[in-house]
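Colleague: Have a look at this one before I ask anything.
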Amino acid sequence: MQSTDAQNLTYALIQVIHNFGAVTVVGTAASALWLVRGNAAVQHRLALLTAMVWAVQAATGALFGVSTFYYEGHLPDIHGIAVDALLIKIGCASTGFVLAVAYVKWNSEWAVTKQLLAWRASLTLGAIALSSAAFLRWFS
């Protein structure tokens with residue numbers, strides 16, 4: 001396998017994991033809001049899954065940069081809108097992770113309205129991160 005093929009394979013595998021993570025982040029929040037609303041035990045497990053997947057999102061995002069550095073000897077050359085999109089994605093992942101961990105830790109003490117707000121925020125963060133990914137991809 002040529003170096004370019006190995007690099008493309010590496011990027012593709014990272015992208016697959018990253019994409020499934022993005023779908024899971026949005027899907028868990030949507031499920032908590034509409035499919036298992038009122039089922040505290042399932043929502044607790046979904047919040048735990050959400051925290052893990054946000055961590056995977058951050059890790060695979062970093063792996064894109066690490067892979068470029070490994071294969072090309074420098075970090076990805078992004079600028080302008082792509083940098084803004086990356087910062088938005090990092091902010092969403094960080095906030096989403098903290099929110100999910102807080103939900104796992106304290107949701108039993110939260111009023112139902114606060115729980116719903118947390119799931120709505122999680123869904124919004126996932127949608128924003130997904131949307132930012134398109135800008136990062138096409139403006140880099």
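Values quoted throughout were computed directly from the atomic coordinates according to the rules given, and no laboratory measurement underlies them. Here the structure is a predicted model, which is why all the values come from computation and not from measurement. Note that each Cβ is placed from the backbone with ideal geometry, even for glycine, and that neighbours are counted across all protein chains shown.
Colleague: Once you put a point 7 Å from the Cα of ASN39 and another 7 Å from the Cα of LEU117, both along the Cβ direction, what distance in nm separates them?
Modeller: Taking the two extended label points, one gets 2.6 nm.
Colleague: Using 0.36 nm times the number of residues separating ILE78 and GLU109, minus their current alpha carbon distance, what extension gain do you get?
Modeller: Extra length from ILE78 to GLU109 when fully extended: 6.8 nm.
Colleague: From the residues ALA121, ILE17, LEU63, which one has its Cα farthest along the dipole of the chain in the positive direction, the dipole being from +1 and -1 charges on Cβ of Lys/Arg and Asp/Glu about the Cα centre?
Modeller: Sorting the options by dipole projection puts first ALA121.
Colleague: Take SER94 and ILE17, extend 7 Å from each Cα along the Cα→Cβ direction, and tell me the distance between the two endpoints in nm.
Modeller: Reported label-point gap for SER94 and ILE17 is 2.2 nm.
Colleague: Test of understanding: what is the full-extension gain from TRP138 to SER3, defined as 0.36 nm times their sequence separation minus their Cα-Cα distance?
Modeller: 46.2 nm
Colleague: Quickly estimate the mean residue ellipticity at 222 nm for the chain, helices only: each DSSP H run with n ≥ 4 gives -39500 (n - 2.57), and the total goes over all residues, rounded to 500.
Modeller: Result for the chain: -29500 deg cm²/dmol, rounded to the nearest 500.
Colleague: Determine the sum of side-chain charges near LEU99: Lys and Arg each +1, Asp and Glu each -1, restricted to other residues whose C-beta is under 14 angstrom from that of LEU99.
Modeller: +3
Colleague: Bin all alpha-carbon pair distances of the chain at 5 Å intervals from 0 and give each bin's fraction as a whole percent.
Modeller: Taking every Cα pair in the chain, the percentages come to 2, 10, 19, 21, 16, 12, 9, 6, 4, 2, 0, 0.
Colleague: For segment 72-140, run through the chymotrypsin sites (Phe, Trp or Tyr not before Pro) and keep only the ones in DSSP coil with at most 15 other Cβ atoms within 10 Å of their Cβ.
Modeller: TRP110, PHE139
Colleague: Compute from the Cα atoms of segment 1-63 the Rg and the Dmax, the latter being the longest Cα-Cα distance, and quote both in angstrom.
Modeller: Reported Rg and Dmax, both Å: 15.5, 53.
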